[in-house]
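Data first, discussion second: the structure below is written as structure tokens.
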Amino acid sequence: MTLGGFKSGFHAQKVPRSEAKWEQFLICNHDCPDIIQLVSHVSGEVEFELCLIEAARMGKVLLEAAGVTCENASRTEEKHT
Ligand SMILES: [Zn+2]
């Protein structure tokens, strides 16, 4: 399992909700005005999109899966600087 795949394979961009590729599949009942899209570097296509609130939740889940809490993530960053 590599956590570096995200950095090398995708970039994230924020777009207005009206530009969602799959608005009908968007899991959002908060009326978020903007969404985050993950664009594959390989295909150049939007592979995944989610609203800002879900993105924040997902980020937390990813960090938890990696055994990193927001608190010690920032501590790790400090170590590198
Ligand atoms: Zn939302």
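None of the figures in this text is laboratory data; all of them are computed from the coordinates on show. Here the structure is a predicted model, which is why all the values come from computation and not from measurement. A quick note on method: Cβ atoms are made from the backbone with ideal geometry, for glycine too, and the neighbour counts reach across all protein chains shown.
What is the order of Phe25, Phe48, Phe10, fewest Cβ neighbours within 10 Å to most?
On the way: Phe25 9, Phe48 14, Phe10 17.
With the fewest neighbours first, Phe25, Phe48, Phe10 line up as Phe25, Phe48, Phe10.
Working from label points 7 Å from Cα in the Cα-to-Cβ sense, the His11 to Val61 distance is 2.6 nm.
With a Förster radius of 30 Å, plug the Cβ-Cβ distance of Ile27 and Thr69 into 1/(1 + (r/R0)^6) and report the FRET value to the nearest 0.05. My answer for the efficiency is 0.80.
Tell me, Ile53, Ile27 in order of fewest to most beta-carbon neighbours within 10 Å? Write down the numbers at each step before the final one.
Values: Ile53 13, Ile27 10.
Lowest to highest Cβ neighbour count: Ile27, Ile53.
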